[in-house]
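Everything on this sheet refers to the single structure shown next.
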Amino acid sequence: MVRRMALAVTMGLVAGLATAAPNAGAQTCTHDSSAYSDAGAPGTGPVNDPLFPRQWGLTQIKAPAAWTRGAHGSGATIAVIDTGADLSHPDLQANLVPGADFVPGGGDCPGAQDENGHGTHVSGIAAAVTNNGVGVAGTAPDAKVMPLRALDADGSGEDPWIVAAIHHAADNGAKVINMSLGGLPVVGQAPQLNEEMEEAVAYAWSKGVTIVAAAGNETFPLCSYPAAARYAICVAATDRRGAPSYYSNFPDDPDQTVGVRAPGGAGSPFCEDDEDIWSTIWPGSDFDCQGDGSLSGYDTLAGTSMASPFAAGLAAMLSGQGLTNAQIMECFKTTSSNKGGFDPVYGYGIIDADAATATCAPQTTPSYAPTQTAASGDGSGSTGSTPTGQSGGGSSGTGGGSGTGSPDAGGLALQATVLRATRASIIRTGLVKVRLTANRPVSGRLAALVTRRGHRALRVGSKRFTLTKAGSRTVRIRLTRRGLTLLRRSRSASLRVKYAAPGARGYAATAAPLTAS
């Protein structure tokens with residue numbers, strides 16, 4: 001059975017209900033240096049990348065402390081199975097090794113060139129060129145990235161494409177595989193056994209590869225596939241304060257898959273919002289907001305898609321120190337913030353690059369022995385995946401489904417996604433735009449909420465909606481004067497949208513804007 005997968009960013013996906021593709025059909029594949037901002041003057045500190053002070057995720061996992069002892073991931077290659085990477089990006093180019101394209105028929109751009117933006121963002125978190133005086137820093141600055149394009153321009157793909165990419169990575173020298181993608185879980189059920197994915201992950205493991213994957217963005221208490229595979233590390237997301245991100249699945253699985261948390265962001269609807277994760281982006285992507293003062297080639301996204309490459313970067317650091325994949329998995333268990341203990345919300349805890357690189361060594365770290373019983377299920381596998389942290393189209397990748405209402409007894413599937421925009425444009429227009437997609441007629445209500453640190457959420461706008469037939473429509477919520485004042489005065493004020501309809505309720509995910517703003 002062919003299954004679809006999608007991206008694991010906080011942009012909504014319902015299997016079978018495709019969202020608008022970021023920059024679908026783009027003709028400009030690569031760009032010259034003028035298309036990329038340098039992001040400001042070189043900074044001071046552990047590294048001189050201008051955006052490093054805003055990359056709180058690196059601080060949260062204590063990466064700078066690991067760098068001081070020489071843990072940079074030298075000699076390790078991270079295969080990023082995703083939408084590809086921007087092959088001309090000045091903050092990635094020097095760290096890229098030859099990749100490959102597994103999307104049948106290719107796309108408008110040749111080879112592993114990104115046509116979406118998600119894979120470029122993930123690659124930069126893992127191993128952007130660091131201390132070069134421009135842009136961002138990567139978790140493993142000396143690791144190499146092998147871009148493997150197995151998701152199309154919509155951010156979706158099929159299991160056979162992902163499986164082929166896993167085998168290619170394992171057979172061509174990758175030490176780490178990152179998959180910020182996955183299949184949607186079935187509400188109320190443990191992840192169904194995906195034998196094809198289990199076998200591919202087990203093959204890579206047998207070749208000495210550490211496999212890292214995003215937990216998924218459905219606010220589900222278990223990891224989705226491929227993160228649920230017993231030889232994979234399942235990575236859930238935290239926000240800037242180290243709390244579980246509201247959209248994130250839990251890093252837990254019935255067959256005791258190793259689960260941890262890492263920085264994924266708050267899921268803000270604002271472009272270039274420091275509550276989310278800064279990284280490289282393809283300038284042709286709609287994820288790269290191009291408004292006044294925006295930084296072309298860099299932007300923030302949120303999702304377990306963003307959390308996974310932090311863990312992949314740490315795995316590359318440990319591989320560079322000579323640890324085997326079994327030792328790396330054991331090291332994640334024992335040095336993450338729960339110090340070897342497990343709880344269903346944090347798993348083994350937030351990853352800790354300082355503790356891991358200081359205490360784990362080839363001579364002393366035991367080898368992890370995965371359980372031999374795979375997750376229960378009927379073998380039919382998951383329905384699809386999308387990138388974990390971006391809008392998906394119902395194929396292979398980890399769909400960010402935090403804005404997806406689960407089907408009720410009558411079969412309603414409702415998706416709500418907030419269209420990302422600059423903070424300035426929302427304040428200027430007073431409007432928040434929400435894209436609603438349903439498989440049948442439905443009516444409900446949207447509520448805009450502003451939250452400030454230490455305060456309860458305040459409702460700052462509401463709107464009733466009706467879809468008279470299956471399909472999509474965009475609804476505009478007008479914010480109150482008080483809400484706009486809070487957003488104008490406080491950079492820490494966050495905006496979320498809650499939705500409620502018969503049989504479906506929750507928080508809307510965030511998505512790329514349909515038009516740049």
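Does at least one position in the range 66-84 carry a residue that is among the hydrophobic types (A, V, I, L, M, F, W, C) and either without any contact (Cβ under 8 Å) to a residue 40 or more places away in the chain or surrounded by fewer than 24 Cβ atoms within 10 Å (Cβ to Cβ) (or both)? No; the residues of the range 66-84 include none that is among the hydrophobic types (A, V, I, L, M, F, W, C) and either without any contact (Cβ under 8 Å) to a residue 40 or more places away in the chain or surrounded by fewer than 24 Cβ atoms within 10 Å (Cβ to Cβ) (or both).
Among the residues of the range 258-304, the one identified as buried (at least 24 other Cβ atoms within 10 Å of the Cβ), over 15 Å from the mean Cα position of the chain (by Cα) and at positive phi is Gly297. Within the range 103-123, the residues that satisfy the criterion of being aliphatic (A, V, I, L, M) and over 13 Å from the mean Cα position of the chain (by Cα) are Val103, Ala112.
The residues of the range 143-168 that are under 17 Å from Gly124 (Cα atoms) and surrounded by fewer than 24 Cβ atoms within 10 Å (Cβ to Cβ) amount to a single one, Lys144. Annotation note: Cβ proximity below 6 Å between a residue of the range 416-427 that is closer than 15 Å to Tyr507 by Cα and assigned to a strand (DSSP E or B) and a residue that is of a type in the set (A, V, I, L, M) and at pLDDT 85 or above (sequence gap 6+ or interchain) occurs for Ala416/Val434; Ala416/Leu436; Val418/Val434; Val418/Val497. Residues of the range 240-257 that are surrounded by fewer than 24 Cβ atoms within 10 Å (Cβ to Cβ) and closer than 24 Å to Gly138 by Cβ: Arg240, Arg241, Gly242. Only one entry of Arg488, Arg505, Arg453 meets the criterion of being modelled with pLDDT under 90, part of a loop (DSSP other than H, G, I, E, B) and not hydroxyl-bearing (Ser, Thr, Tyr), and that entry is Arg453. Tell me which residues, restricted to the range 134-161, are of a type outside the set (A, V, I, L, M, F, W, C) and under 21 Å from Lys62 (Cα atoms). The answer is Gly135, Gly138, Thr139, Pro141, Asp142, Lys144. In summary, Pro141 fulfils each of the numbered conditions (1) within 19 Å of the chain's Cα centre (by Cα); (2) under 30 Å from Ser37 (Cα atoms) with the single exception of condition (1).
Yes/no per residue for (1) of a type outside the set (A, V, I, L, M, F, W, C); (2) in the same structural domain as Asp154 (by TED's automatic domain parsing); (3) not in a strand (DSSP E or B):
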residue	(1), (2), (3)
Asp38	yes, yes, yes
Pro42	yes, yes, yes
Asp49	yes, yes, yes
Pro53	yes, yes, yes
Ala65	no, yes, yes
Ala71	no, yes, yes
Ile81	no, yes, no
Ala94	no, yes, yes
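The values are calculated or read from the model by the stated rules, or taken from the named source; none is laboratory data. On a predicted model such as this, the values are computed, not experimentally measured, just so you know. Note that we place each Cβ from the backbone using ideal geometry, even for glycine, and neighbour counts take in every protein chain shown.
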